[in-house]
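The numbers here are math on the coordinates, done by the rules we state, and not lab data. All of these numbers come straight from a predicted model, not from anything done at the bench. Glycine also receives a Cβ, built like all others from the backbone with ideal geometry; neighbour counts cover every protein chain displayed.
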Amino acid sequence: MYLSRADVDKLDIGMREVIDVVEKAFLEKARGKVEVPPKPGVHPQKDAFIHAMPAFLPRMRAAGVKWVSGFPENPKHGLPYISGLLVVNDVETGFPVCVMDCTWVTAVRTGAATAVAAKHLAREDSGTLGILGCGVQGRSNLEALLVVCKSLNEVKAYDVSTQSLSRYVEEMTAKHRVKVVPVDSPRRAVEGCDIVVTAGPILKNPKPVIEASWFKKGGFACALDFDSYWTADATRSMDKFCTDDTEQLEYYKQQGYFRDAPRVYAELSDIVSGKKPSRENSEERIMSMHLGLAIEDVATAMLVFNEAKKKGIGTSLPL
């Protein structure tokens, strides 16, 4: 089966469904029931990547690989930052049974992982969200957080592109009927916010700007762009520094990223499963550093594949 981006859009899968399968994937990881090796990659240009992301989740009967690229210069040429394909394999025979566009899956599973983390690590009364980076992830993360954070009523949005920021404010206000306020600096997007999501491009030699003093007591932060926005002092000031995968974080350290990352308190899977305490008081400052795991992609891809079979959407291609 071949599923284009238009095919995937036709399925009209809701964010809540994606959040549910992503949370189940993390529970399976906590049980030690998944295979998810650190993703190898090649880097044809500065700060660009093409990664292979394989995963196997036995209980979901889900196996596959995402071949995904991120090229920061693409928007200048009218192309998206992220592109790629996702292949789903039959777990009995190993045969590829579905090839699909990966951009929708990547967008929603990333937002869903942020929502899973916020569900366990953010304060229940969190009302203000800071979004730094108003692209695809700025949109999907807002959508996902609105599902699990029922008290969210204001968004402070920042982007280096004033055009992207204006579009974001207009589109997200209309779509979600939430107050979206444009701000003109990273500091204004962080200060006073209960939840902060940074979603800029991943940079190997970043010039981070977010300082520890900007982030409020009791706040929850999710970094999707590695440490590109957060200074070492800011990450080290967290009462709890979590990640989606410690092994992968160590792998990236060897590749030259996260030179000053603090000690990991817990993996998100351990938080979700209750192996480690989540938020323990309203004053804790907590960060979850999300590197992006293939279990999220493959679990979401199986949801897409099964829904496509059910609805008869997709094109059958000879192998």
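Rg/Rh for segment 24-92 stands at 1.09; both radii use Cα atoms, and Rh follows the Kirkwood definition. The fraction of Cα-Cα pairs per 5 angstrom bin, counted from 0 for segment 137-226, comes to 2, 13, 25, 27, 21, 9, 3, 0 percent, rounded to whole percents. Got a sec? Charge dipole of the chain, +1 on Cβ for Lys and Arg, -1 for Asp and Glu; which of Leu319, Pro277, Val209 is way out at the positive end? The one lying farthest along the dipole's positive direction is Pro277. Coordinate range of the alpha-carbon atoms in the chain per principal axis, descending: 57, 41, 40 Å. The relative contact order of the chain comes to 22 percent, based on Cα pairs under 8 Å that sit 6 or more residues apart. Relative to a virtual label point 7 Å from the Cα of Asp233 in the Cα→beta-carbon direction, which members of segment 195-213 show backbone nitrogen distances below 15 Å? Those under the cut-off are 208-213. Modelled spin-label separation between Asp260 and Lys217, with each label point placed 7 Å from Cα along the Cα-to-Cβ direction: 2.5 nm.
Quote the FRET efficiency, to the nearest 0.05, computed for Lys76 versus Asn153 with a Förster distance R0 of 41 Å and r equal to the Cβ-Cβ distance. Write out the running numbers ahead of the final one.
Details: r = 35 Å, r/R0 = 0.86.
Efficiency at R0 = 41 Å is approximately 0.70.
Placing +1 on the Cβ of every Lys and Arg and -1 on the Cβ of every Asp and Glu, with nothing else charged, gives the chain a dipole about its Cα centre of roughly 140 debye.
Taking only the Cα atoms of segment 220-319, the radius of gyration and Dmax are 17.8, 57 Å.
Assuming a viscosity of 1.002 mPa s and a temperature of 20 °C, what translational diffusion coefficient in µm² per second does Stokes-Einstein assign to segment 120-292, Rh being the Kirkwood radius over Cα pairs? Diffusion coefficient, whole number: 133 µm²/s. Coordinate range of the alpha-carbon atoms in segment 259-299 per principal axis, descending: 35, 29, 15 Å. Taking a straight line from the alpha carbon of Lys311, these aspartates and glutamates sit under 20 Å away, with near neighbours fewer than eight places off in the same chain left out: Asp7, Asp9, Asp12, Glu17, Asp90, Asp101. Projecting label points 7 angstrom from Cα along Cα→Cβ for Gln163 and Asp20 puts them 4.0 nm apart.
Give the residue list of trypsin sites (Lys or Arg not before Pro) in segment 232-319 that are DSSP loop and have at most 12 other beta-carbon atoms within 10 angstrom.
Numbers: sites: Arg236, Lys240, Lys253, Arg259, Arg263, Lys275, Arg279, Arg285, Lys309, Lys310, Lys311; in loops: Arg259, Arg263, Lys275, Arg279, Arg285.
Of the trypsin sites (Lys or Arg not before Pro), the ones in loops of segment 232-319 whose Cβ has at most 12 other Cβ atoms within 10 Å are Arg259, Arg263, Lys275.
Among beta bridges from DSSP that stay inside the chain, the antiparallel ones total about 45%. Working note: 222 nm ellipticity from helices only, DSSP H runs with n ≥ 4, each -39,500 (n - 2.57), summed and divided by the residues of the chain, gives -10500 deg cm²/dmol to the nearest 500.
When exposed loop sites are taken as GluC sites (Glu not before Pro) in a DSSP loop with at most 13 other Cβ atoms within 10 Å, the longest stretch of the chain clear of them is 125-279.
Global dimensions of segment 1-120 from alpha-carbon coordinates: Rg and Dmax equal 15.2, 44 Å. Counting only lysines at least 8 places from Lys253 when in the same chain, those with an alpha carbon closer than 20 Å to its own are Lys39, Lys46, Lys204, Lys207, Lys240.
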